[in-house]
Amino acid sequence: MLEVLKDQFPIRFHLSNGASCTIRPIMEADEPGFRGFHEVIPEEERLFIRSQIKDGSLFKEWISDKENIQHFALLAFVDGRLVAMGSLHQRPGGWKRHIGRVYFLTHPEFRGLGILDELLGVLVKISTQIGLTKLETELNGERKAAIESMATIGFHELVRLPHYIRDMQAVSHDYVLMGMNLFAEYENLGAGD
C-alpha cells in the first residue's frame, strides 16, 4: 500500500540554518549509515532505544517489509550524512487498524532546525493518504523538546503515567502517549476487514 507513495520522494527543503536537506525512504544500502547514526545519539537517550538497533534486526525488519505494509521508514540527509529518521507503523487489520504509530530520532547536531517538523509533516500526509484517522507516539517524559515539537504540529498528550517505564538500566521514567486526529482522504477509508 505505501509502495505507491514512494514516487513522492525525494523531498528537498532547507533547514532553518540554510542547509539543504533531503528526505527519502530507507534502502538496503543505508544499513551502515543507520547503525552509525545511532552511535552518535547520547548515551542517556540510547537507554530508551530498542536493542534491535544494535544487532541489526530492526533494520532488517523494516527492509524486509518490501511493500511497506506495516513499516515505512524515512531518512533525512544533509550533504549525504544521515541526520534524522522517522517511521510510520500500522496494523494491517484488527480494531486498531485506523491508528498509525510514529517514531523519530534526530542527530544531536541537527536538532531545532526544522527536520522533525518536516519528517512528521510528511508522515502525517502519508497517513491521511492511506486512510489512517489517528496517529500516536510514545515518549519518555524527559524528552521535553520532542513533546513540544509534537504539540506544535497537532499532537496532544493522551496519557502521562509517572514512573511507568524503565530504561535499559532499570531507572524509572514517565511514560507519555501522544495522539493526533487526522482527516483521512475519503477514498482511502476502509469499510472493515
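The values are calculated or read from the model by the stated rules, or taken from the named source; none is laboratory data. Computed from a predicted structure; not experimentally measured. Here the Cβ is made from the backbone with ideal geometry for all residues, glycine too, and neighbour counts use every protein chain on show.
If a residue must be within 9 Å of the chain's Cα centre (by Cα) and buried (at least 20 other Cβ atoms within 10 Å of the Cβ), how many such residues does the stretch 88-104 contain? Total satisfying the criteria: 3.
Test Glu138 against the stated conditions and say whether it is outside any loop (DSSP other than H, G, I, E, B), acidic (Asp, Glu) and touching a residue at least 24 places away in the same chain (Cβ under 8 Å). Spell out the reasoning first.
Working: outside any loop (DSSP other than H, G, I, E, B): yes; acidic (Asp, Glu): yes; touching a residue at least 24 places away in the same chain (Cβ under 8 Å): yes.
Yes.
In the stretch 162-181, the residues that are basic (Lys, Arg) reach residues that are crowded, with 16+ Cβ neighbours inside 10 Å with C-beta atoms within less than 8 angstrom, at least six apart or across chains, in these pairs: Arg166/His173.
For the stretch 160-184, the set of residues classified as among the β-branched types (Val, Ile, Thr) and part of a loop (DSSP other than H, G, I, E, B) consists of Val171 only. For the residues Met150, Met180, the requirement of being in contact with a Leu (Cβ under 8 Å, 6 or more places away or on another chain), at pLDDT 90 or above and surrounded by 15 or more Cβ atoms within 10 Å (Cβ to Cβ) singles out Met180. Applying a threshold of 9 Å to beta carbon distances and a minimum spacing of six or more residues, or different chains, the list of pairs starting in the stretch 10-25 at a residue that is under 24 Å from His89 (Cα atoms) and free of Cβ contacts under 8 Å to residues at least 12 places away in the same chain and ending at one that is surrounded by 11 or more Cβ atoms within 10 Å (Cβ to Cβ) and of a type outside the set (Lys, Arg) reads Arg12/Ser20; Arg12/Cys21; Arg12/Thr22; Arg12/Ile23. Residues that are loosely packed, with under 12 Cβ neighbours inside 10 Å, charged (D, E, K, R) and at pLDDT 85 or above were ranked within the stretch 9-44; the one that is farthest from Phe72 (Cα to Cα) is Arg12.
Within the stretch 77-133, if we keep just the residues that are β-branched (Val, Ile, Thr) and not in a helix (DSSP H, G or I), the residue that is modelled with the lowest pLDDT turns out to be Ile130.
For the stretch 45-67, does any single residue satisfy the condition of being modelled with pLDDT of 70 or more and assigned to a loop (DSSP other than H, G, I, E, B)? No, that holds for no residue.
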